[in-house]
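Working notes, structure below.
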Amino acid sequence: MLILGIETATDQVGCAIGGHEGVLASAHSVRGRQHAETLAPQIDFVRRQARIDLSEISVVAVDLGPGLYTGLRVGVATAISMAYALGVPMIGVSSLDLVAFPVRFSPRLIIATLDARRGEVFYAFYRQVPAGVQRVSEPKVGTPQQAASEIQAEGGECLLVGDGALRYRDHFERDHKVEIVEQGLSHPSAGSLVQLAHARALREEFVNPWELRPLYLRKPDAEINWKTRESQ
């Protein structure tokens with residue numbers, strides 16, 4: 001079973017191919033907001049690095065968000081189109097799950113954060129379990145102050161990971177029990193997407209392409225700006 005993972009929820013664009021042998025090839029790049037221009041060549045590059053043909057793909061996995069609206073639309077639309085073209089099922093994974101997964105060995109409360117722009121962050125809480133990490137709160141969007149208050153209310157030692165924690169670290173580091181993971185793990189990883197999707201594929205937790213729904217958590221900037229203009 002080979003899985004193609006597509007990840008575009010942040011400024012970073014990533015894709016990977018893997019299966020029971022692990023991740024065979026992956027690539028990530030940050031080029032502003034050129035998700036549409038970057039993604040297709042990147043998929044072809046990863047396919048060639050893994051030395052496979054796209055017809056060998058059994059599952060298409062995609063980051064469902066939350067994340068930046070335009071990037072999510074590009075990734076989800078591309079993944080759905082490929083699943084239809086290849087006639088294969090899909091698996092969707094939250095971007096916050098992908099951020100939390102690389103630090104799954106920590107016994108501390110893990111808080112995955114992503115920069116949501118407009119002075120807000122996307123965030124969710126996780127705990128270590130034998131198979132990795134388990135989300136113990138629903139994904140939320142709020143100000144760094146709101147997130148910091150919830151973290152402080154939890155008590156105990158916490159590990160924050162993601163570009164949201166890095167951007168607003170001044171809000172989070174006021175609590176001496178909080179440690180922030182540095183830049184290397186600040187974005188969702190397409191490699192983690194393939195690993196998590198493979199575990200779900202073994203349990204046959206598939207969805208049909210027409211059933212896939214991105215997790216936005218809020219309306220796109222353009223719609224908010226238009227409504228603000230109307231109210232004025």
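The values are calculated or read from the model by the stated rules, or taken from the named source; none is laboratory data. Source: prediction; values computed, not measured. Here the Cβ is made from the backbone with ideal geometry for all residues, glycine too, and neighbour counts use every protein chain on show.
On the given criteria, is residue 188 in contact with a strand residue (DSSP E or B) (Cβ under 7 Å, 6 or more places away or on another chain) and surrounded by fewer than 23 Cβ atoms within 10 Å (Cβ to Cβ)?
no
Mind telling me which of the residues 133, 121, 194 ends up being buried (at least 23 other Cβ atoms within 10 Å of the Cβ), part of a strand (DSSP E or B) and not aromatic (Phe, Trp, Tyr)?
121
Please go through region 66-99 and give me each residue that is closer than 14 Å to residue 10 by Cβ and among the aromatic types (Phe, Trp, Tyr), ordered by number.
Hit for region 66-99 is 69, nothing else.
I need the full set of residues from region 198-225 which are closer than 19 Å to residue 10 by Cα, part of a helix (DSSP H, G or I) and either at pLDDT 90 or above or charged (D, E, K, R) (or both), in order please.
Scanning region 198-225 gives a single hit, 221.
What number goes with the only condition from (1) at pLDDT 95 or above; (2) surrounded by 15 or more Cβ atoms within 10 Å (Cβ to Cβ); (3) more than 23 Å from residue 207 (Cβ to Cβ) that residue 51 does not pass?
Exception for residue 51: condition (2).
Within region 63-100, count every residue that is β-branched (Val, Ile, Thr) and assigned to a helix (DSSP H, G or I).
Total satisfying the criteria: 6.
Do we find a residue being in the same structural domain as residue 121 (by TED's automatic domain parsing), surrounded by 19 or more Cβ atoms within 10 Å (Cβ to Cβ) and either in contact (Cβ under 8 Å) with a residue 60 or more places away in the chain or among the basic types (Lys, Arg) (or both) anywhere in region 201-208? Please lay out each step first, then the result.
First, pick out the residues of region 201-208 that are in the same structural domain as residue 121 (by TED's automatic domain parsing): none.
There is no residue in region 201-208 that is in the same structural domain as residue 121 (by TED's automatic domain parsing), surrounded by 19 or more Cβ atoms within 10 Å (Cβ to Cβ) and either in contact (Cβ under 8 Å) with a residue 60 or more places away in the chain or among the basic types (Lys, Arg) (or both).
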